[in-house]
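First up is the structure itself, then whatever we jot down about it.
The values are calculated or read from the model by the stated rules, or taken from the named source; none is laboratory data. No experiment lies behind these values; they were computed from the predicted model shown. Reconstructed Cβ throughout: ideal geometry from the backbone, glycine too, with neighbour counts over all protein chains shown. Just the protein is used for accessible areas: all its heavy atoms, side chains included, with ligands, DNA and RNA removed. Shrake-Rupley method; radii C 1.70, N 1.55, O 1.52, S 1.80 Å.
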Amino acid sequence: MKPRRWLLTGLPGCGKTTVVRRVLELLAGLRVAGFYTEEIRSQGRRLGFRAAGLSGASVVMAHEAVRSPVRVSRYGVDLEALDRLIAVELDKPSAEVDLYVIDEIGKMECHSPRFIAATRRVLDSPIPLLATIAMKGEGFIAEVKARADAVLVLVTPANRDRLPAELAAAIRRA
């Protein structure tokens, strides 16, 4: 069975999101749906995270200033904002998508039942998936990593520059 799910993992700051963005550049022309994350920084300090949808929508997913009962580290997680983005990006019918992208399957996102349900639908669809996933994690994170149709790819400073071309080629073959 050829892999159709590529799960990028690695230490924080190793370049997972950069690999995803470079793969997307190499696959220009494909119909993609999903999102990638960006740090929100001010004066060199990380304040939170933005989720940028591939169709143009963007939401503040987590921030120090967000008042929420859902907290991961020092960040309040805005589940309503994340769920709005999921509705736009991951709920697209698979007939309209050549590649799904999820950056990332991590602690913050897994607080959203809608995120988990949409990710399961994407994983069970025939459409290829490129995702980043937390190195550590139980529950849904462990469930995704244990899938027989997924390949876990460790991103390191030594391989992150060659991975985009390798992944783009593999996705095109899928």
Collect the residues in the stretch 48-60 that are at negative phi, without any contact (Cβ under 8 Å) to a residue 40 or more places away in the chain and part of a loop (DSSP other than H, G, I, E, B), keeping them in residue-number order.
-> SER55, ALA57
Which one of these is in contact with an Asp or Glu (Cβ under 6 Å, 6 or more places away or on another chain) and either farther than 15 Å from ASN159 by Cα or assigned to a strand (DSSP E or B) (or both): LEU30, LEU24, LEU8?
-> LEU30
Restricting the search to the stretch 135-147, which residues are open to solvent by 20 Å² or more (accessible area, probe 1.4 Å), closer than 21 Å to ALA51 by Cα and touching a residue at least 40 places away in the same chain (Cβ under 8 Å)?
-> MET135
Can we say ILE127 is open to solvent by 20 Å² or more (accessible area, probe 1.4 Å), of a type in the set (A, V, I, L, M, F, W, C) and assigned to a loop (DSSP other than H, G, I, E, B)?
-> yes
Taking the stated definitions as given, is TYR36 over 29 Å from ALA158 (Cα atoms), aromatic (Phe, Trp, Tyr) and touching a residue at least 24 places away in the same chain (Cβ under 8 Å)?
-> no
For the stretch 61-96 the number of residues that are open to solvent by less than 30 Å² (accessible area, probe 1.4 Å) and either part of a helix (DSSP H, G or I) or touching a Phe, Trp or Tyr at 6+ places or on another chain (Cβ under 6 Å) (or both) is 7
If you check GLU39 against the conditions, is it within 14 Å of the chain's Cα centre (by Cα) and surrounded by fewer than 13 Cβ atoms within 10 Å (Cβ to Cβ)?
-> yes
Condition set part of a loop (DSSP other than H, G, I, E, B) and at pLDDT 95 or above, scope the stretch 148-157, selection most open to solvent (accessible area, probe 1.4 Å): answer is THR156
The condition of being in contact (Cβ under 8 Å) with a residue 60 or more places away in the chain, over 22 Å from THR9 (Cβ atoms) and in contact with a strand residue (DSSP E or B) (Cβ under 9 Å, 6 or more places away or on another chain) holds, among VAL155, VAL97, only for VAL97
